[in-house]
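A quick write-up on the structure given underneath.
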């Protein structure tokens, strides 16, 4: 009886003390999650923004693209994008193998794995690193099976899987950052051409007629289902300024400005596509 | 007697646990996130205007600082106080942040660090007309972005973009003639407006 009485007393005391502790204890500091509306959104880690095509861009361009993409994704709605860290948000080191950490190298590998299994991969217009990876992973003959490649390309919205070992590594990275999706952007092609240069009477860089074409692929890896969604966008921009003897007409802009405008359109296209097919990706 | 000892011990343990969760700074600031404004740097290399950390970019930092502090939502600390506090020079601190390394002192004192960039600046020229009747205008267009870094994990948790346009040259000759030029002033005004837009974007999303 005495023991039972003691137990009851101890329990009561414990509950009272817990209550006292709850009153004294301030509510846990939640602003780190709540700051910037992040708490209830699905989180995407923007793991890499690089070019695996046979064209290359300055690293600053990738950095700015990453900033704009993260801002646009978070602004639009139910997804929130984050970057790995300040210095390596685009995985410059992982792509180019300079002072790459194992995580950098693995992110580059996951991206390449998503590309070579994807619908848009073109063996003839890929960076050397990607071609080597494709040979090693899928086998060179695969890319010369024209019928199989054509059949696969005709179903651009079909989801697919990464190599199982690569997927395992992707899961580890996603758990480290606490995200549901990994995102990779391959800015594979940027082409600037001068047009009608015989009419451009001045030689300053902004006065010439120019035409720019840019295309990119992006990949979303769903960590729960293990499936990959591939998106693609193509954009063009033309600038033309004519300085004839008696007539002046048009609008001129430098290459940076054109790149910037193309980038804005690309970011919008990617974000719209992401949200349009978000349900598909989430399955 | 025994009960009294048990009660005393349990009360002490509970108080210790409670005190360990209490953070006097957080309570004093009513749990406002503490943000350090690290600074802005330029990602643009080929420009006519001389825009550097010591020249025009402080305009951006000051404008952003004023706008954010006006909201009352955050506790903003300028980097200069921080640098005094941890006895590091600003350049070194920003270089470290740029390389993704966050000083242990910053991790302790801040929740978020803002690091910004001038990402784009250009002069777009539009012209039309024939001999004797013609006009030309040149517009400075620039963009700023910022990254908000979680000071404890180093993860970039938020990014925002702000842009602005200002006329840097206006020239026409139809009935009246006009010829206004002022590239540097246009750039400075555009930077200020872009910083305001950037702050608005951040406030709206937070």
In the list A:238, A:207, which residue meets the criterion of being in contact with a strand residue (DSSP E or B) (Cβ under 8 Å, 6 or more places away or on another chain) and either modelled with pLDDT of 90 or more or crowded, with 20+ Cβ neighbours inside 10 Å (or both)? A:207
Would you point out which residue out of B:140, B:155 is free of Cβ contacts under 8 Å to residues at least 12 places away in the same chain, under 30 Å from residue B:37 (Cα atoms) and touching a strand residue (DSSP E or B) at 6+ places or on another chain (Cβ under 6 Å)? B:155
Could you grab me the full set of residues in the stretch A:90-107 that are part of a helix (DSSP H, G or I) and under 12 Å from the mean Cα position of the chain (by Cα)? A:107
Return yes when residue A:191 is away from chain B (no Cβ under 14 Å), over 29 Å from residue B:134 (Cα atoms), modelled with pLDDT of 85 or more and in contact with a strand residue (DSSP E or B) (Cβ under 9 Å, 6 or more places away or on another chain) and no when it is not. no
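Table: residues versus (1) within 21 Å of residue A:69 (Cβ to Cβ); (2) touching a helix residue (DSSP H, G or I) at 6+ places or on another chain (Cβ under 8 Å); (3) modelled with pLDDT of 95 or more; (4) part of a helix (DSSP H, G or I).
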residue: A:109; (1), (2), (3), (4): no, yes, yes, yes
residue: A:112; (1), (2), (3), (4): yes, yes, yes, yes
residue: A:115; (1), (2), (3), (4): yes, yes, yes, yes
residue: A:124; (1), (2), (3), (4): no, no, no, yes
residue: A:136; (1), (2), (3), (4): no, no, no, yes
residue: A:151; (1), (2), (3), (4): no, no, no, yes
residue: A:155; (1), (2), (3), (4): no, no, no, no
residue: A:170; (1), (2), (3), (4): yes, yes, yes, yes
residue: A:179; (1), (2), (3), (4): yes, no, no, no
Please determine whether any residue of the stretch B:128-147 is at positive phi, in a strand (DSSP E or B), at the interface with chain A (Cβ under 9 Å from one of its Cβ atoms) and crowded, with 16+ Cβ neighbours inside 10 Å. yes
So, of the residues in the stretch A:71-86 that are in a loop (DSSP other than H, G, I, E, B) and surrounded by fewer than 21 Cβ atoms within 10 Å (Cβ to Cβ), which turns out to be nearest to the other protein chains (Cβ to nearest Cβ)? A:85
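The values are calculated or read from the model by the stated rules, or taken from the named source; none is laboratory data. The shown structure was predicted, so the numbers you read here are calculated from the model rather than taken from an experiment. Backbone-built Cβ (ideal geometry, glycine too); neighbour counts: all protein chains shown.
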